[in-house]
Amino acid sequence: MGHKPKKKKSGGSKKKKLSKTEKVKMQQEEEQKRLQEEEEARFKAEKEEAERLAKQQLEKEKQEKLEAKDLERRGDELEELRLLENCYPAAEKWRKECLAQAKWEEFTRCEDTPDPTLPREINTFISLWKEEQDEDIETVMLKGKLVRSLIERLELLLMETPLRELKEKKALLYQESICELRDLLYSKFDVATEGLLKQASTLVDPDSGNMEKVFRGENVTFCIWANIRKNPRTKNVTFQDTEMGLILPKILTVSGIALRLLHTHFDHLSPPSALTPLPKIEPPEATDEDPTPALGPGRAPRKGRPEPQGRPEPQHHAAQRRGLEERTSSAVIGEGVEEKAGEEEDKISIRECTSSLSDPMKFQLEESESQSEDDLGENVVDLHQFTPLGGVYHLDVLQLPPQCKQVKGWTLVEMLSQGLKRFPYPQPLTQEAPLPSEDPDPPALRQTSPGSDVDVGQPPITVTLKFNDSAVFFEEPLVAKWDPEGRCWRTDGFGNVYYNMEERQLSFTLESLCPVALMQDTHLNMPYQSWELRPTGLNAALFVVLTTFTELKIQIQGNQCMLISATLEDEEYVSEISGKWMSPLALTLAMRRVGLNIFPSERSRKYVSVNQKSPGTEVKAYQQMALMAPALAFGWSKWNLNCGAETVVLKASEHLGTEPVNARDWSLYMFNGQRAQRLKVDEFSPAFSEDLEDDTEFHSTLYHMLKDFTSEEAMEKVQNAHHLFVDAVYQLLLFTRVLTYS
């Protein structure tokens, strides 16, 4: 093997040491360079600061000029807006005239229908009906339809009439009439039930040996079953074609009883004072003594322009109770700091901005509002958080009255002065169940608890109910029973609660029968995901609200509104309210009644995490949006969550076609009630900024701000819009409060 060659030494690899002088010189050069760089940086910073100050000064001067210009024309703009907003008192005057005309037409028709607003007529109607005897179920159901219409008319009057015009005495009088009509209707059902049961032995089914009848009305389903044969094997009672029924304990199968299931599609039990109110439409005072209803918003009439049409108009009961408590406790989360911070402002609510509430018990509301939710008591349903949906199921076990007998061609009936009587179940200790001779399996001895009058060993009754077809349940409802003593709905006492949401059925057990209702969270669809309002033609617009569960589309045409679609899990919801033209208030009440509630009440902020806004700003925004609605589209902006409580941010775009607005055509506007501006940011900006859009100005009103970017063609549509259309748009915006609940 050879040797490895040695590496040659490199003479230039050694680094030459610097002398002291050279080191000093290098340090001086580095110091000089550093000082020079610092000087340059200082100069640059001073220059930038000067430029910033100059730019700031220019911006300040520009801002001052814009503010001065805005202040200079503020008076004119506010005066013009005041004239434009005459459309709202004009619409109110039109509504009053329609009401007066309807009353006159009713009077001239000389029909037997009483005027519920006149005490003499409604009292006469009630007295005469009380005196009527021997009415059957069909007659009571038919008369009940009239009673229902009278009650609805009074309730609508209480909601529509401005607070300054509806005196407390008259409101209480209307309430008394409503309560009397309610009580009379149910007493008549009892009388008719008694008359039917007296003939039960003559109406028996030959197969079962018992009587069963089902009567269907427009808003009532009446089911009755009489235990004539008293067969202990007849435990399962299912009413024909209703998918509703009961499973009876043996003691009831051998007793002379009748079962009644009266399903009213309305709720006449809940106290009116507990029902959730809506913001009340109170128009601004008219600037003229006689605003002409035929005019548009402050304009002269046009020949050939048509007038809008007149108004047509989960599970064991313990689990259920826990669910209620959890919901109630979680509902108040979020009130905390935000609500305390706005405590003073909350005193000035939407109600005060609009002067009153659409609540039948306006004058008792302040007292109920002052009460804490903790005062409700355990297992009591908070009717401000939950709404009875689909009507009330009145469940009764009745004593079978003496049956009629045929004697020598005569029909003999034993008359009882007590009238229809409820069968006590669980039965008291002193009352034993009858043991017929044909019973092969007599009931076991009952177990009792010391000191108790009630037989606690008697098994509960199993009930199966069918959901009302017109009601929309987005989740399993809360089942509650009526407590007549406390006049409230309670969730205790239920066992073996089972839901079949596909078949829309519910079953449970109860120790004793009583009125039952299904409750849905009132604020299930709040806050909204987004919303949009866009014109679709002359005095026509489409209002779309997207929630967690559904997308609702409401068509506005003239002074009328119509629910045109409600999408539920990619399916269209259809009910009796779909496709019907109604006033905005009537549509609001109808949608709430079927469970499509997108209309918050004054108490809703306790249960919903709201985007709190100044009420004054909110109402002004709705009024001025409505003025521009004939030609401009409006929509939800995510930046409305970032601009604070004193201001609102919304999207707007001129829109003269029928297709949806292109996403890039929207512009953002900010409004605080006193000043409006167009923003430089858009929905796609990374952060929010209040910077003014280039080459734009301030305006004192949102109306005039939007007017700057509206074409002549669009403004012509605005000028020619009918005041009733503008008012209808305003009502829907106020009822939904999209700027706060989105």
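The values are calculated or read from the model by the stated rules, or taken from the named source; none is laboratory data. Just so we're clear, the structure is a prediction, and the values are computed from it rather than from any experiment. Virtual Cβ from ideal backbone geometry, glycine too; neighbours counted across all protein chains shown.
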Select, from 372, 368, the only residue that is over 30 Å from residue 232 (Cα atoms), modelled with pLDDT under 75, out of contact with any Phe, Trp or Tyr (no Cβ under 7 Å at 6 or more places or on another chain) and surrounded by 11 or more Cβ atoms within 10 Å (Cβ to Cβ).
368
Tabulated pairs, segment 54-82, first surrounded by 12 or more Cβ atoms within 10 Å (Cβ to Cβ), second part of a helix (DSSP H, G or I), C-beta under 6 angstrom, 6+ apart or interchain
77/704; 81/703
Within segment 579-606, which residues are closer than 22 Å to residue 742 by Cβ, over 10 Å from the mean Cα position of the chain (by Cα) and not hydrophobic (A, V, I, L, M, F, W, C)?
584, 602, 603, 605, 606
Regarding residue 54, is this residue under 60 Å from the mean Cα position of the chain (by Cα) and at pLDDT 85 or above?
no
Going by what's in this entry, would residue 112 be described as loosely packed, with under 12 Cβ neighbours inside 10 Å and either out of contact with any Phe, Trp or Tyr (no Cβ under 9 Å at 6 or more places or on another chain) or modelled with pLDDT under 85 (or both)?
yes
Just need a number here: residues in segment 533-559 that are more than 19 Å from residue 570 (Cα to Cα) and of a type in the set (D, E, K, R).
1
Residue selected from segment 236-250 under the condition assigned to a strand (DSSP E or B), under 37 Å from the mean Cα position of the chain (by Cα) and not aromatic (Phe, Trp, Tyr), by the criterion farthest from residue 210 (Cα to Cα):
244
Across segment 483-505, the tally of residues that are over 22 Å from the mean Cα position of the chain (by Cα), part of a strand (DSSP E or B) and farther than 17 Å from residue 246 by Cα stands at 1
Any hit, segment 578-590, residues being of a type in the set (Ser, Thr, Tyr), surrounded by fewer than 19 Cβ atoms within 10 Å (Cβ to Cβ) and within 18 Å of residue 475 (Cα to Cα):
no
Exactly one of (1) modelled with pLDDT of 85 or more; (2) in a helix (DSSP H, G or I) is unmet by residue 23. Its number?
(1)
Pairs, first more than 28 Å from residue 607 (Cβ to Cβ) in segment 500-525, second polar (S, T, N, Q) and part of a loop (DSSP other than H, G, I, E, B), C-beta under 9 Å, six or more apart:
511/458
Testing residue 656 on (1) at pLDDT 90 or above; (2) closer than 28 Å to residue 94 by Cβ, one condition comes back false. Which one is that?
(1)
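Yes/no matrix, rows are residues, columns are (1) at pLDDT below 90; (2) polar (S, T, N, Q); (3) surrounded by fewer than 18 Cβ atoms within 10 Å (Cβ to Cβ); (4) touching a strand residue (DSSP E or B) at 6+ places or on another chain (Cβ under 6 Å):
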residue: 517; (1), (2), (3), (4): no, no, no, yes
residue: 520; (1), (2), (3), (4): no, yes, no, yes
residue: 526; (1), (2), (3), (4): no, no, no, no
residue: 553; (1), (2), (3), (4): no, no, yes, yes
residue: 558; (1), (2), (3), (4): no, no, no, no
residue: 569; (1), (2), (3), (4): yes, no, yes, no
residue: 574; (1), (2), (3), (4): yes, no, yes, no
residue: 598; (1), (2), (3), (4): no, no, no, yes
residue: 602; (1), (2), (3), (4): yes, no, no, no
Just to be sure, is residue 97 out of contact with any Phe, Trp or Tyr (no Cβ under 8 Å at 6 or more places or on another chain), among the acidic types (Asp, Glu) and closer than 30 Å to residue 583 by Cα?
yes
